[in-house]
Amino acid sequence: MRFDLTDMRLFLTVVECGSLTQGARAMHLALASVSERIAGMEAALGAPLLERNRRGVRATAAGEALVRHARSILGQVEQMRGELRTYATGLKGRVRLLSNSGALSTFLPQQLCRFLAAHRDLAVDLEELTSTGIVQALVTRRADLGIVADTTDLGMLQTHLIATDKLVVLTAHKHRLARQAAVAFSEVLDEPFVGLKDAALETHLAERASRLGRQFDYRVQLRSTEMVAMHVEAGIGVSIMSDAAARTLHRDLAVLPLAEVWATRRIYLCARDFAALPPHTHLLAQQLLQQAA
């Protein structure tokens, strides 16, 4: 069974369009050529990939599996092309770094600034994920280096402790929770909530809430911690963020410890094997470890 990139791109286009005719038009190919290619793919696989009906076509179970793999493969190809293009601009290396929300909102931007200023021929692909997602990506070799909290099983990864942090609750001073010494997570779930949009921390907190059979009552989700703080100060709702991030805010807020044991977190730099890291990735790892020391 052999599918080339054109086959996969063509099949994705047809599925997304829901029509052989529309897919052919989008790919600037003759309808007969598209039909022939897909028939060849089905013959090579030995199973139908599309179901034809009066409205067009849709993927079979085998077709859905092909869609998943094709998207992954084509995405990796585009990532490869983008990385290789950087060498034409004078770059000599690219580091793929995954980080949780805590590091990304506190010490990591400053460290990346120092690293990139010192190594003008290197680039960093930075992605924010939950700690669980980062561990999975490292284990499956989709990244070399990650920064995670100890809220997840680190498995067989090599780790170095680089920071400690805790989650805190932010409220306006007039809020009823502001008078408490600490706040239980269940109490936060009873309140209107102001959160960060598309942040790994929000995913982690949502998972914690689901274990209690609960969910957050979001009033609004925003792109920056400073905007979150502004809304909390105005009494729109309460929020949770790392203590280190809270210390950077310029707002008049009550900052209270989150009472749960899991709210205190150790932050680790992780890799499958630090000794086997590519040279440019090793340079970044060294800097982060020196910063921690």
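Being among the hydrophobic types (A, V, I, L, M, F, W, C) and without any contact (Cβ under 8 Å) to a residue 12 or more places away in the chain is the filter here; which residues of the range 186-242 pass it? Full working, then the answer.
The initial filter retains those residues of the range 186-242 that are among the hydrophobic types (A, V, I, L, M, F, W, C), namely 188-189, 193-194, 196, 199-201, 205-206, 209, 212, 216, 220, 222, 227-230, 232, 234, 236, 238, 240-241.
Those that are among the hydrophobic types (A, V, I, L, M, F, W, C) and without any contact (Cβ under 8 Å) to a residue 12 or more places away in the chain: Ala206, Met227.
Go through the range 86-155 and tell me which helices (runs of 4 or more DSSP H), entirely inside it, have 3 or more residues that are buried (at least 19 other Cβ atoms within 10 Å of the Cβ), out of contact with any Phe, Trp or Tyr (no Cβ under 7 Å at 6 or more places or on another chain) and aliphatic (A, V, I, L, M).
Numbers: elements: 101-104, 108-118, 131-139.
Answer list for the range 86-155: 131-139.
Which members of the range 156-188 meet the condition of being surrounded by fewer than 17 Cβ atoms within 10 Å (Cβ to Cβ) and aliphatic (A, V, I, L, M)?
Met156, Leu161, Ala181, Ala182, Ala184
Inside the range 40-76, can you point out the residues that are in a strand (DSSP E or B) and on the phi > 0 side of the Ramachandran plot? Please lay out each step first, then the result.
Our first condition is that a residue be in a strand (DSSP E or B); within the range 40-76, this holds for 50-53, 56-59.
Within the range 40-76, just Gly56 meets the criteria.
Filter the range 242-289 down to the residues that are among the small types (Gly, Ala, Ser) and in contact with a strand residue (DSSP E or B) (Cβ under 8 Å, 6 or more places away or on another chain), then identify the one that is nearest to Glu202 (Cα to Cα).
Here is the first cut: in the range 242-289, the ones among the small types (Gly, Ala, Ser) are 242, 244-246, 254, 259, 263, 271, 275-276, 285.
Cutting the leftovers down to in contact with a strand residue (DSSP E or B) (Cβ under 8 Å, 6 or more places away or on another chain) gives us 242, 244, 246, 254, 259, 263, 271, 285.
Numbers: Ser242: 12, Ala244: 16, Ala246: 15, Ala254: 20, Ala259: 18, Ala263: 13, Ala271: 24, Ala285: 26 Å.
For the range 242-289, the residue satisfying everything is Ser242.
Counting just the residues of the range 243-293 that are among the small types (Gly, Ala, Ser) and exposed (fewer than 13 other Cβ atoms within 10 Å of the Cβ), which one comes out nearest to Ala149 (Cα to Cα)?
Initially, the range 243-293 is screened for residues among the small types (Gly, Ala, Ser), giving 244-246, 254, 259, 263, 271, 275-276, 285, 292-293.
When the remaining residues are screened for being exposed (fewer than 13 other Cβ atoms within 10 Å of the Cβ), the result is 275-276, 293.
Working: Ala275: 22, Ala276: 23, Ala293: 18 Å.
Per the stated criteria, the residue is Ala293.
Is there any pair with a first residue in the range 34-53 that is free of Cβ contacts under 8 Å to residues at least 60 places away in the same chain and hydrophobic (A, V, I, L, M, F, W, C) and a second that is surrounded by 15 or more Cβ atoms within 10 Å (Cβ to Cβ) and part of a loop (DSSP other than H, G, I, E, B) whose Cβ atoms are under 7 Å apart and which are 6 or more apart or on different chains, and what are they?
If the second residue must be surrounded by 15 or more Cβ atoms within 10 Å (Cβ to Cβ) and part of a loop (DSSP other than H, G, I, E, B), the pairs left are Ile38/Leu49; Met41/Phe3; Met41/Leu49; Leu49/Thr60; Leu50/Thr60.
Please determine, by comparing only the residues of the range 1-16 that are in a helix (DSSP H, G or I) and of a type in the set (Asp, Glu), which one is farthest from Glu36 (Cα to Cα). Quick ask: steps written out before the conclusion?
Let us first name the residues in the range 1-16 that are in a helix (DSSP H, G or I), namely 5-16.
Within this subset, residues satisfying the condition of being of a type in the set (Asp, Glu) are 7, 16.
On the way: Asp7: 11, Glu16: 19 Å.
Selected residue: Glu16.
For the range 21-66, which residues satisfy the criterion of being touching a strand residue (DSSP E or B) at 6+ places or on another chain (Cβ under 6 Å) and of a type in the set (A, V, I, L, M, F, W, C)?
Within the range 21-66, Leu50, Val57 qualify.
Would you point out the residue of the range 184-238, among those that are of a type in the set (S, T, N, Q) and part of a helix (DSSP H, G or I), that is nearest to Leu253 (Cα to Cα)? Talk me through it step by step, then tell me what you get.
Here is the first cut: in the range 184-238, the ones of a type in the set (S, T, N, Q) are 186, 203, 210, 215, 221, 224-225.
Adding the requirement that they be part of a helix (DSSP H, G or I) leaves 186, 203, 210, 225.
On the way: Ser186: 21, Thr203: 24, Ser210: 28, Thr225: 13 Å.
Ranking the candidates gives Thr225 first.
If you scan the range 164-183, which residues turn out to be of a type in the set (A, V, I, L, M, F, W, C) and either at positive phi or outside any strand (DSSP E or B) (or both)? Don't jump to the end; show me each part of the working.
Start the filter on the range 164-183 by keeping residues that are of a type in the set (A, V, I, L, M, F, W, C), which leaves 167-170, 172, 177-178, 181-183.
Matches in the range 164-183: Ala172, Leu177, Ala178, Ala181, Ala182.
The numbers here are math on the coordinates, done by the rules we state, and not lab data. The structure presented is a predicted model; accordingly, all values stated were derived computationally and were not measured. Positions of Cβ are generated from backbone atoms using ideal geometry, with glycine treated the same way; all protein chains shown enter the neighbour counts.
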